[in-house]
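Peer 1: Shown below is the structure under consideration.
The values are calculated or read from the model by the stated rules, or taken from the named source; none is laboratory data. Nothing here was measured: the structure is a model prediction, and the numbers come from that model. A quick note on method: Cβ atoms are made from the backbone with ideal geometry, for glycine too, and the neighbour counts reach across all protein chains shown. Side chains are part of the model used for accessible areas, which takes the heavy atoms of the whole protein and leaves out ligands, DNA and RNA. Shrake-Rupley method; radii C 1.70, N 1.55, O 1.52, S 1.80 Å.
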Amino acid sequence: MTSVTMSLTCWKCGNSLADYTLPLRRLEECRKCHAELHVCKMCEWYNTSVAKHCREPIAEEVKDKERANFCDYFTPRPDAYSSSPQDEAARAKAQLDALFGGAAPAQPSAADTARAELEALFGKKKE
């Protein structure tokens, strides 16, 4: 278990958890970012591509994947941290931005549009 402990990192900030003892207590927190560690996102069974985001078929569903829970199947995984966005909404937004070229340009206000139309119609006054 020492080799697993050496490679564990916080799921939220990536801080090393090498000096923590296993098994992690239910209310154990990361010393750097204070994120709870006994959470679904830190678990070996966590997977967003399956129902209830858990590959363990008989585990009870946990609604908040980032809060400490009482799951008996919790097994910390060394690769829990990822610097890329992990939640579904952030991932979907990133995919849409990549598909459509990022955020839409800001629309001019009605006053700016009206001014531009007037200047085009009557020409700019030159002084």
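Peer 1: Give me the net charge of Trp11's neighbourhood, meaning all other residues with Cβ under 9 Å from the Cβ of Trp11; Lys, Arg count +1, Asp, Glu -1. Provide the component values of the computation, followed by the final result.
Peer 2: Values: positive: Lys12, Lys41, Arg77; negative: Glu66.
Taking every Cβ under 9 Å from that of Trp11, the sum is +2.
Peer 1: Relative contact order for segment 1-82: what is it in percent, counting Cα pairs under 8 Å that are at least 6 residues apart?
Peer 2: Relative CO of segment 1-82 lands at 34 percent.
Peer 1: I would also like to ask the following. Hey, what do the phi angles of segment 32-37 turn into as Karplus ³J(HN,Hα) couplings, whole Hz, using 6.51/-1.76/1.60 and θ = phi - 60°, x for Gly and Pro?
Peer 2: Calculated HN-Hα couplings, in order: 8, 10, 6, 6, 5, 9 Hz.
Peer 1: I would also like to ask the following. Rounded to a whole number, what % of the accessible area of segment 14-85 do carbon and sulfur atoms account for, probe 1.4 Å? Could the numbers behind the result be given before it?
Peer 2: Numbers: 2290 of 4610 Å².
Taking all protein chains in place, segment 14-85 shows 50 percent carbon and sulfur surface.
Peer 1: Just subtract the alpha-carbon distance of Glu61 and Cys13 from 0.36 nm times their residue separation and send over the number in nm, one decimal.
Peer 2: Roughly 14.8 nm would be gained on extension.
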